[in-house]
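Read through the structure below, which is laid out as structure tokens, and then see the notes.
The values are calculated or read from the model by the stated rules, or taken from the named source; none is laboratory data. On a predicted model such as this, the values are computed, not experimentally measured, just so you know. Don't worry about glycine lacking a Cβ; one is built from the backbone with ideal geometry, like all the others, and counts go over all protein chains shown. Surface areas here come from the heavy atoms of the whole protein model, side chains and all, with no ligands, DNA or RNA. Shrake-Rupley method; radii C 1.70, N 1.55, O 1.52, S 1.80 Å.
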Amino acid sequence: MLETSDLTVRFGGHVAVNAVSCAFEPGTLTSIVGPNGAGKTTYFNLISGQIKASAGSVSLNGQDITALGAPQRTRAGLGRAFQLTNLFPQLTVLENVRLAVQAKAGAGLNLWRIWSDRRDLLVRAEEILEVVALADKCDARAASLPHGDQRKLEVAILMALEPQVFMFDEPTAGMSVDEVPVILNLIRQLKQDKTKTILLVEHKMDVVRELSDRIIVLHNGELVADGEPEAVIASPVVQQAYLGVNPEEMEVA
């Protein structure tokens, strides 16, 4: 469904992502791990169109989307959640989701006129809020929500856009211990749809181990490991990044 081929970006003399080639299939959740500064979020930004590649390509369903900007890639089927929540803070919870439903339906972004014309869009937005357990907060302003609920709202917006590829960049960042399971349960629900592809950047290895069908490891912008979770987690490069093994004593997986 999604493929990067020799994807590269340079910032001055620094190569942040170096010729990363990887294909992601429907029905799989792939975690992207690596130490801080490894290029994980930059790789996400290249895929979703937040930054322009210096070289290489991104393809979705066999179509080259490298020249498309982020909004065009979203319309093509890439759904991205960020490390920091990306919401309309002064709109209500329901209005945030409703705008995404309207955009997906091609009904425009008018907040008022569309209510009387397309009741079905309101119903769809309400259904999504039920799924993410925010129905009881539909009239609250997004800015007033605690961090965990803002994360849930962002997932709701992604669901409303009905992407083919869900991209989660550290979805549990900044969450309390009590809030984390809610987001993980939402991702588990998304995994049940075998027509979707899920990419996950996450530092918590217990989360990675539980959710992943596959793990790829970036190190200094390069793809250094790719495979099933148990094998990759046991690899020297992951041991170095997460357990502090001396790199001089390791072999790159």
**Prompt:** Quick one: of the DSSP bridges fully inside the chain, what percent are antiparallel, nearest 5?
**Reply:** 55 percent
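Where Lys and Arg each count +1 and Asp and Glu each count -1, what net charge lies around Leu129 among other residues with Cβ under 12 Å from its Cβ?
Details: positive: Arg98, Arg124, Lys137, Lys152; negative: Glu95, Glu126, Glu127, Glu130, Asp136, Asp139, Asp149.
Residues close to Leu129 contribute a combined charge of -3.
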**Prompt:** Counting only protein heavy atoms, what percent of the accessible surface of the chain is carbon or sulfur at a 1.4 Å probe?
**Reply:** 51 percent
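Tell me, what are the semi-axes, in whole angstrom and largest first, of the equivalent ellipsoid of the chain as set by the roots of 5 times the Cα gyration tensor eigenvalues?
Values: eigenvalues 221, 86, 47 Å².
Each semi-axis is the square root of five times an eigenvalue, giving 33, 21, 15 Å.
Based on the mean of other Cβ atoms within 10 Å per residue, sort peptides 61-71, 89-99 so the most packed one is first. Working shown, then result.
Working: 61-71: 12.9, 89-99: 20.1.
Going by the mean number of other Cβ atoms within 10 Å, highest first, we get 89-99, 61-71.
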**Request:** Taking the chain as the reference, fit the longest principal axis to its C-alpha atoms, fit the long axis of helix 180-191 to the helix C-alpha atoms, and give the angle between the two in degrees, 0 to 90, nearest 10.
**Result:** 90 degrees
**Message:** At a 10 angstrom cut-off on C-beta neighbours, averaged per residue, how do the peptides 28-37, 3-12 rank from highest to lowest?
**Reply:** 28-37, 3-12
**Item:** Choice from Arg188, Arg80, Arg151 showing the highest fluctuation, given a GNM over the chain with Cα pairs closer than 10 Å
**Value:** Arg188
**Fill in**
Karplus ³J(HN,Hα) for segment 34-51 (6.51 cos²θ - 1.76 cosθ + 1.60, θ = phi - 60°; Hz, whole; x = Gly/Pro) runs x, x, 4, x, 6, x, 5, 5, 4, 4, 4, 5, 5, 5, 7, x, 5, 10
**Request:** Roll a 1.4 Å probe over the protein chains and send me the accessible area per residue for the chain in Å².
**Result:** 47 Å²
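Please report the net charge: other residues with Cβ closer than 12 Å to the Cβ of Pro163, K and R +1, D and E -1.
On the way: positive: Arg73, Arg75, Arg80, Lys104, Lys196; negative: Glu162, Asp193.
With Lys, Arg at +1 and Asp, Glu at -1, the net is +3.
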**Ranked packing of 45-57, 226-238, most packed first, by mean Cβ within 10 Å** = 45-57, 226-238
